[in-house]
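Step one of this worksheet: look at the structure below.
The values are calculated or read from the model by the stated rules, or taken from the named source; none is laboratory data. Keep in mind the model is a prediction, meaning the values are calculated, not measured. A quick note on method: Cβ atoms are made from the backbone with ideal geometry, for glycine too, and the neighbour counts reach across all protein chains shown.
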Amino acid sequence: MSLSAPLSASLQQLVQLLAVVRARAEERARTTHERFNVFTTLLEAHDEVRLHTRFLHNLLNPAGTHDCGALFLNLFCQTLAELPPQDAAGNPVTWEPVPSEAAWSVGKEVSTAAGQMDLLLECAGCGIAIENKIWAGEQPDQLKRYASYLQRRLGTGGRLLYLTPDGKAANSHGGADYLRISYREHILAWLEKCLQASYRFIPINQVLLQYREVVRGLTGQTADQTLMNQLTDFVLQHPELLRQRQVINQAFDQTRGAYLDRLVKRLQDTPPTGYSTRWNPLKPQTPFGQQDNGILVIVPPPSETRMPLHGAEWCLLHIPRWQGLVVGIGWLQVRPMEEDAQAYFKLLNQRLDDQSRQTGYHKADPHDLWDGTKWPTGWHNLYHPMSDAFLAGLVERPVDEVAAEVWKGIVDHVTLVESLACKAVVGA
């Protein structure tokens with residue numbers, strides 16, 4: 001069944017209007033120089049640890065370099081009182097006041113018996129733990145362990161906050177109490193309060209303005225109200241767009257998988273010399289883009305000096321919930337990994353960690369990934385996050401060009417890991 005003529009015409013007009021809106025937004029950004037942002041110049045906008053967790057830590061910490069004492073911490077609590085967080089079921093929960101004059105200690109990436117907590121704020125008899133998740137997944141029973149730790153340490157005085165871009169529910173709480181907050185609602189509202197309270201402190205105010213733009217971009221709120229009003233008026237004039245909204249959204253959702261299938265087909269047809277590919281042995285009949293975690297096995301050229309994989313495989317992986325296309329070493333077998341292989345990959349992972357710290361090369365931490373053996377050396381992001389805007393950019397490019405870029409990223413990662421594997425073996 002084809003699209004109805006009115007819907008097809010409306011979609012074409014909407015595309016044209018969006019192009020005009022985008023062009024105006026680009027022109028405004030150039031004129032106001034708002035695209036220059038110290039945060040995104042130095043780090044990725046979705047960097048949970050080095051950007052968001054560490055900046056939030058400094059703001060919330062009364063001893064932070066802002067020299068504003070507990071001002072921003074108190075405003076944070078005030079924001080939660082005005083915009084109550086939600087429980088696991090989505091019900092608003094009244095935020096009970098915390099001691100405003102107490103001596104707070106605020107730690108980041110705090111190692112505890114329950115695991116590493118992103119942020120831990122404590123004063124006498126009271127504590128707030130914040131688990132910050134932007135794209136990364138949850139570890140098994142992560143929030144359950146944190147909630148148990150707070151209960152043992154603080155009794156009823158501990159509160160566990162789960163911070164995500166949109167306030168989604170956690171899946172690792174195991175029935176334990178936790179509260180959901182979001183960058184979209186709570187952090188942006190808090191930042192507005194911080195901006196109003198710091199208008200006299202120009203260095204702080206400017207940094208807060210730039211961080212607010214990072215959060216707006218992270219939560220898809222970069223269009224100004226004038227442009228949004230134009231789009232709203234257009235939809236009001238074309239109600240068939242509302243009537244078919246679910247169908248349109250479904251088409252958007254399927255576009256990512258369809259493009260990945262097209263890209264993988266080109267990867268299979270154009271491997272570098274000596275390289276080849278195999279389908280995911282666990283789901284050989286399911287298209288790459290339709291798998292929950294699509295895997296294409298990468299086979300480097302045979303060589304007597306090639307690093308041993310101990311039964312693991314080089315894999316290209318796409319992760320829909322994290323919107324990432326990554327490369328790494330995967331354990332795809334049903335049987336558990338042997339202890340000597342685990343020791344080997346642990347040493348190799350340490351080498352990769354060192355490389356990451358020294359050069360900024362991206363590597364995911366395997367301790368954040370299931371049991372740490374499915375992807376024993378973590379993985380390297382080729383494209384992440386594959387936001388809608390980023391995906392649109394890929395679709396606009398020739399697929400052969402993108403495939404060549406992906407292959408280069410794969411080969412570079414294999415080459416790097418194998419060079420580090422030689423060092424690992426020598427140092428073992």
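Could you please let me know if ALA421 is in a helix (DSSP H, G or I), within 14 Å of PHE345 (Cα to Cα), assigned by TED's automatic domain parsing to the domain that holds GLY330 and at pLDDT below 95?
Answer is yes for this residue.
Please find, among THR40, THR31, the residue that is more than 21 Å from VAL207 (Cβ to Cβ), part of a helix (DSSP H, G or I) and hydroxyl-bearing (Ser, Thr, Tyr).
Going through THR40, THR31 in turn, the sole match is THR31.
Considering each of ALA19, ALA81 in turn, give the residue that is more than 30 Å from ALA170 (Cα to Cα) and part of a helix (DSSP H, G or I).
Residue meeting the stated conditions: ALA19.
What residue, among those in the stretch 160-182 that are touching a residue at least 60 places away in the same chain (Cβ under 8 Å) and outside any loop (DSSP other than H, G, I, E, B), is surrounded by the most Cβ atoms within 10 Å (Cβ to Cβ)?
Out of the qualifying residues, it is ILE181.
If a residue must be farther than 18 Å from THR65 by Cβ and either touching a strand residue (DSSP E or B) at 6+ places or on another chain (Cβ under 7 Å) or not assigned by TED's automatic domain parsing to the domain that holds ILE130 (or both), how many such residues does the stretch 104-118 contain?
So the count comes out to 4.
Looking at (1) hydrophobic (A, V, I, L, M, F, W, C); (2) touching a Pro at 6+ places or on another chain (Cβ under 7 Å); (3) within 20 Å of GLN151 (Cα to Cα); (4) not in a loop (DSSP other than H, G, I, E, B), find the lone condition where ILE128 falls short.
Every condition holds for ILE128 apart from (2).
List pairs: first residue in the stretch 345-358 and in the same structural domain as TRP379 (by TED's automatic domain parsing), second residue at pLDDT below 90 and aliphatic (A, V, I, L, M) anywhere in the structure, Cβ distance under 7 angstrom, at least six positions apart or on different chains.
Every condition considered, the pairs that remain are LEU347/ALA424; LEU347/ALA428; LEU348/ALA421; LEU348/ALA424; ARG351/ALA424.
Scan the stretch 122-142 and give yes if some residue there is over 27 Å from ARG50 (Cα atoms), surrounded by fewer than 16 Cβ atoms within 10 Å (Cβ to Cβ) and either in contact (Cβ under 8 Å) with a residue 60 or more places away in the chain or not acidic (Asp, Glu) (or both), otherwise no.
Yes: one or more hits.
Answer yes if at least one residue in the stretch 302-319 is loosely packed, with under 12 Cβ neighbours inside 10 Å, small (Gly, Ala, Ser) and in the same structural domain as TYR275 (by TED's automatic domain parsing), and no otherwise.
yes
Output the residues belonging to the stretch 94-103 that are in contact with a strand residue (DSSP E or B) (Cβ under 7 Å, 6 or more places away or on another chain) and surrounded by 16 or more Cβ atoms within 10 Å (Cβ to Cβ).
VAL98, the sole residue that qualifies.
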